[in-house]
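To keep things clear, I will list the structure first and then write my remarks on it.
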Amino acid sequence: MIYSNNVGCGAILLQRLVFNRTGRVFFQASDSMVHVYSDQTSIQFTVRRTADLTQLAPRFKITEGATIQPASGSVHDFSQGSVSYTVTSQDRQWTRQYQVAFLPTTVTVTDTVSYDFEHFRLDDNYSKFYVWYEGSDDAPQDIWASGNGGFLIANQSKSAEEYPTVPDDNGLEGKCLKLMTLDTGPLGRATGRPIAAGNMFLGKFITELALKDALHATEMGIPFTHEPQKLTGYYKYQPGPEFKNKAQQIIENRRDSADIYAVLYRNHDALGQPTVLYGDNVLTSELIVRKARIDEVKTTSEWTYFEIPFEPTGVVDEQILENRGYSLALVFAASTHGDTFEGAIGSTLYIDKVRIICTHDE
């Protein structure tokens, strides 16, 4: 099932996608439901490794008068990759293509999950800023998000290299992440959002909410099937010279700080309804069962190793874990309080070679 807001032309609304054989394809019924936002054209579902994808028949409900090709309910083979659907508005003036793909889970043969940030491209809709993905170029897994889409709203003339979250050539090995706190310009200041802290996290960033509800523009976490024990990696960090509050007043004797943390949380509530954590509760929710957060990101121009244990805050149910009932949120930010638009312009955090070390599966 896919829910969507307006796709940008103001005339097309892709609302619903329902699959047959849900139980044999998905881990949970809610896995077949995805909210598609206005800037999203790639729709990905994670399915069981043994799922038969050769004859799936998605059924769409679209706004009255709009049309979709291929037809809603038509059978397609998704085993060879994504299938493209084109929605056309009632007045025939606007069209939009959606790439629908199913990504079978693979058997994890290691107890360590690695993130090296070597795979990135320009965003699919505007080609204005960088986005990162895992997997291969042929089958990218779009599990990473940043606030770059929000920065675009106020800074459309900027080049991709001038955004808060960018790749950098000088990693520990190969590429790395560069996260920088930047001035958002006149529009950002006028709307009470004077800075944009470079960030990266597992999850989604909802651009259309960036001005209305910044904290809920960040949907934190992706389903995770192993119990994490340690979060490790490397960083470099330099805080900016002047810490300012949201009103852009300099706070004397206050130094900016970066943040590195991860949490494992239940992604369904007691009634079985899917849940997600946001910027305002990702560290405080009662759904969290494991938490790892660095004590201090020290100022350093050299690559510095960090190792943070996941502290228990609840009980991990192995059966729920195996069925993707937990999500992992992993977050990096150049300014710890950037979510409330406080920090120092110029604060810069580099991240590379991140590892999630999990319990070993026999």
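The values are calculated or read from the model by the stated rules, or taken from the named source; none is laboratory data. Everything quoted here is computed from the prediction, not taken from an experiment. Backbone-built Cβ (ideal geometry, glycine too); neighbour counts: all protein chains shown. Ligands, DNA and RNA are excluded from the accessible area calculation, which covers all protein heavy atoms including side chains. Shrake-Rupley method; radii C 1.70, N 1.55, O 1.52, S 1.80 Å.
Every helix of 4 or more DSSP H residues in the chain counts as -39500 (n - 2.57), and over all residues that averages to -1500 deg cm²/dmol at 222 nm. When you restrict to C-alpha pairs under 8 Å that are six or more residues apart and normalise by the size of the chain, the relative contact order lands at 17 percent.
Note on Arg293 and Gln55: their simple-model spin labels are 5.2 nm apart, each label 7 Å out from Cα toward Cβ. Across the accessible surface of region 267-362, with the other protein chains kept in place and a 1.4 Å probe, carbon and sulfur atoms take up 49 percent.
What net charge do the residues around Tyr278 carry, taking every other residue with its C-beta under 11 Å from that of Tyr278, with Lys and Arg at +1 and Asp and Glu at -1? Spelling it out: positives minus negatives among the neighbours equals -3. Could I have the simple spin-label model distance between Ala190 and Asn281, label points 7 Å from Cα toward Cβ, reported in nm to one decimal? If labels sit at Ala190 and Asn281, their model points lie 3.4 nm apart. Checked against a 32 Å cut-off, the cross-linked pairs Lys61/Lys204; Lys175/Lys298; Lys204/Lys244; Lys212/Lys353 give Cα-Cα distances beyond that limit for Lys212/Lys353. In plain terms, the bigger the Kirkwood radius, the slower the diffusion; for region 207-362, with that radius from Cα pairs, at 4 °C and 1.567 mPa s, Stokes-Einstein puts D at 77 µm²/s. Summing Lys and Arg as +1 and Asp and Glu as -1 over all other residues whose Cβ lies under 12 Å from the Cβ of Lys178 gives a net charge of -3.
With a Förster radius of 22 Å applied to the beta-carbon distance between Glu64 and Thr95, the computed FRET efficiency rounds to 0.85. Cα centroid separation, region 55-100 to region 105-174: 27 Å.
Look at the alpha carbon pairs under 8 Å that are at least 6 residues apart: their mean separation over the length of region 93-197 gives a relative contact order of 19 percent. Straight-line cross-link reach from Lys291 at under 17 Å between alpha-carbon atoms covers these lysines, not counting any fewer than eight positions away in the same chain: Lys230. Residues considered: Ser32, Ser74, Ser146. Largest GNM mean-square fluctuation over the chain, using C-alpha springs under 10 Å, is found at Ser74. The residues neighbouring Ala344, those whose beta-carbon lies less than 10 Å from its own, together hold a net charge of 0 under the Lys/Arg +1, Asp/Glu -1 convention. Rolling a 1.4 Å probe over the protein heavy atoms gives region 215-350 an accessible area of 47 Å² per residue. Taking 25 Å as R0, compute the FRET efficiency from the Cβ-Cβ separation of Gln229 and Gln141 and round it to 0.05. Efficiency for this residue pair is about 0.60. The orientation-averaged projected area of the convex hull spanned by the Cα atoms of the chain comes to 18.7 nm². Out of the DSSP beta bridges found with both residues in the chain, what percent are antiparallel (nearest 5)? Counting only bridges with both partners in the chain, antiparallel ones make up about 90 percent. Computed from label points 7 Å out along Cα-Cβ, the spacing between Lys158 and Asn245 is 2.5 nm.
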